[in-house]
1. Identify, please: which residue in segment 396-415 is of a type outside the set (A, V, I, L, M) and under 17 Å from Val348 (Cβ atoms) and is, among those, modelled with the lowest pLDDT?
2. Listed residues Val424, Val408, Val476, Val442; which is closer than 21 Å to Gln330 by Cβ and either among the aliphatic types (A, V, I, L, M) or crowded, with 21+ Cβ neighbours inside 10 Å (or both)?
3. Within the set of pairs 6 or more residues apart or between chains, which connect a residue that is closer than 14 Å to Leu232 by Cβ inside segment 308-327 to a residue that is open to solvent by 50 Å² or more (accessible area, probe 1.4 Å) and assigned to a strand (DSSP E or B) with Cβ atoms less than 9 Å apart?
4. State yes or no: is Ala231 in contact with a helix residue (DSSP H, G or I) (Cβ under 6 Å, 6 or more places away or on another chain), of a type in the set (Gly, Ala, Ser) and either surrounded by 14 or more Cβ atoms within 10 Å (Cβ to Cβ) or in contact (Cβ under 8 Å) with a residue 40 or more places away in the chain (or both)?
5. Do you know which residues across segment 234-257 are of a type outside the set (Val, Ile, Thr), under 26 Å from the mean Cα position of the chain (by Cα) and open to solvent by less than 20 Å² (accessible area, probe 1.4 Å)?
6. In segment 276-315, which residue that is of a type in the set (Asp, Glu) and modelled with pLDDT under 95 is most open to solvent (accessible area, probe 1.4 Å)?
7. Residues to consider are Phe61, Phe78, Phe56; find the one that is of a type outside the set (S, T, N, Q), part of a loop (DSSP other than H, G, I, E, B) and surrounded by fewer than 16 Cβ atoms within 10 Å (Cβ to Cβ).
8. Could you please let me know if Lys418 is within 23 Å of Cys190 (Cβ to Cβ), at pLDDT below 95 and open to solvent by 60 Å² or more (accessible area, probe 1.4 Å)?
Amino acid sequence: MAPKSNWLLRLRKVKMSSSPHKSARCDDKICDELVNPTAEMVKDECAVANRFEELFNSPHFSDIRLNICGDVYYAHKFLLVTASEVFNAMLNEERWRESRQPEIELNETDECIPVFGQFLKYIYCGKVELTTDTTLPILLLADKYSLSSLRKSCVDYMLRHIVESPDTNRTLTWYQYAKMTNQDELAANCLKFITSNFDLILRTADWLDVSDSEVEEFLKNSELLVSSEAALWKEVEKWLVVSESRLEKTEDNLAKIIPLLRFSMMTPRQLLDIESSNLCRNNPDIFSPPLNAAYRYHSLSSDVLTDIGKEPYRNYTDDSYSICCKIGLQKYREVTKINSKIDAMFDVPIVYAAPSRSVVKKFTFRVEFFSKGYFSAYSLYGRYLGRQTDMTMMNIDCTVTPDLALKVEFTIVFYGKKKDLEYVVYTYHGAHTFSRDSCGAVVENVIPLKLLTQKDSVYLIDGNLVGSIFIKVQKVIQTSQNFNN
């Protein structure tokens, strides 16, 4: 008992020796430690949440019923009004008829009705299971009833799962929502995914429901990944004539859209097919100028080094463009770093011409991709030395004649796979002007290494690294002087 008595005695002395004024100035934390030296905060939020979860859809103490298209949920006003400003106004203000009724009917959209129970359960226990199917309707409910924490969680989920959900209908819908609600980061990420998978977008039913302004937005983009400009036009043509309401304003839509298509990136045969279409026959004033410019471009492109009529390349995969080179590494995780470098070499034309015209000037580009981090090795005084980093790196080299400079844009994509669908999960864009004085471009950290090495990486297909690089000569500059980048 002596130790306890001594401790109590010391504590009494501390209290007695402290004047009232001194005690008032005493730091709260120090005083608490003197009086309660073993105090600690016990947090049982989970237990509290579990207790509230037991009240979900329970008639016990329920004082309001929510009728959602025939589905009735027992609810508790105090939880609804403390979670939502909208429910607070609806159930707590006399001017609202619902505040005086034991059961209220809520009108929800078709996509929100099946998930309303999950939304309501979140109000009770603060947790909800999100999937790529349910996130948007739950987010719409969070917006409607002003649950900011749930709204943020849904948007964060979308940002994390865009590349894991190749369902392009869904990504397109997420993008439309993000633009309407000024979710800039979500909109930017969705647009990047849509742009890199535009060939998939064009094959979905939702493509035909895209708004006029969105079609214009997409067609302005030089980073669209499509098989060819002719294939893109065919899908745009379907969009133009899919409904009676759109047919009624065909001329207005054509006036906006036709200037955004890149007719010089179609072959003369493909241009002739467009001339033979009903749309062109019925609207010759709109089609004739770009078609004539494209024919002129093809008549000149193989004879002179000129940018007359040249339109920017998109990321075309069709072999006739010769701007796409596939890169890859089998069994990526099993390959050692010293054996992980990928080499590729291909000839890129400075202009696009029909495949039948072979007299087109080309330049050879060499690509080195260090897929497990950069390394170099050399010998100095008989000793083997090396330098390395833990970042992926790509070198792009091209030897250019002294009288030319090439303004080049390049895009590097890596593919993933979900079920049987291959899609682009990662994209990198860059640019470089190749000249006599600047014949190489170095791109560090092309893709973060952790994305490729993480377990069950979505950036690999069956354990294999699969990608493509697009090299597009967008402008040819003739110069007799040294050209600095």
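1. So, considering only residues that are of a type outside the set (A, V, I, L, M) and under 17 Å from Val348 (Cβ atoms), the one modelled with the lowest pLDDT is Thr401.
2. Numbers: Val408 fails: closer than 21 Å to Gln330 by Cβ; Val476 fails: closer than 21 Å to Gln330 by Cβ; Val442 fails: closer than 21 Å to Gln330 by Cβ.
Among Val424, Val408, Val476, Val442, only Val424 is closer than 21 Å to Gln330 by Cβ and either among the aliphatic types (A, V, I, L, M) or crowded, with 21+ Cβ neighbours inside 10 Å (or both).
3. Cβ pairs passing all conditions: Pro312/Glu409; Pro312/Lys475; Tyr313/Glu409.
4. On the way: in contact with a helix residue (DSSP H, G or I) (Cβ under 6 Å, 6 or more places away or on another chain): no; of a type in the set (Gly, Ala, Ser): yes; either surrounded by 14 or more Cβ atoms within 10 Å (Cβ to Cβ) or in contact (Cβ under 8 Å) with a residue 40 or more places away in the chain (or both): yes.
When the stated conditions are applied, Ala231 does not pass them.
5. Result: Trp239, single match.
6. From segment 276-315, those of a type in the set (Asp, Glu) are 285, 303, 307, 311; that's our starting set.
After this cut, where a residue has to be modelled with pLDDT under 95 as well, the list is 303, 307, 311.
Numbers: Asp303: 109, Asp307: 46, Glu311: 50 Å².
Among those residues, the one meeting the criterion is Asp303.
7. Working: Phe78 fails: part of a loop (DSSP other than H, G, I, E, B); Phe56 fails: surrounded by fewer than 16 Cβ atoms within 10 Å (Cβ to Cβ).
Being of a type outside the set (S, T, N, Q), part of a loop (DSSP other than H, G, I, E, B) and surrounded by fewer than 16 Cβ atoms within 10 Å (Cβ to Cβ) holds for just one of Phe61, Phe78, Phe56, which is Phe61.
8. Details: within 23 Å of Cys190 (Cβ to Cβ): yes; at pLDDT below 95: yes; open to solvent by 60 Å² or more (accessible area, probe 1.4 Å): yes.
Yes.
The values are calculated or read from the model by the stated rules, or taken from the named source; none is laboratory data. These numbers come from a predicted model, not from an experiment. Backbone-built Cβ (ideal geometry, glycine too); neighbour counts: all protein chains shown. Ligands, DNA and RNA are excluded from the accessible area calculation, which covers all protein heavy atoms including side chains. Shrake-Rupley method; radii C 1.70, N 1.55, O 1.52, S 1.80 Å.
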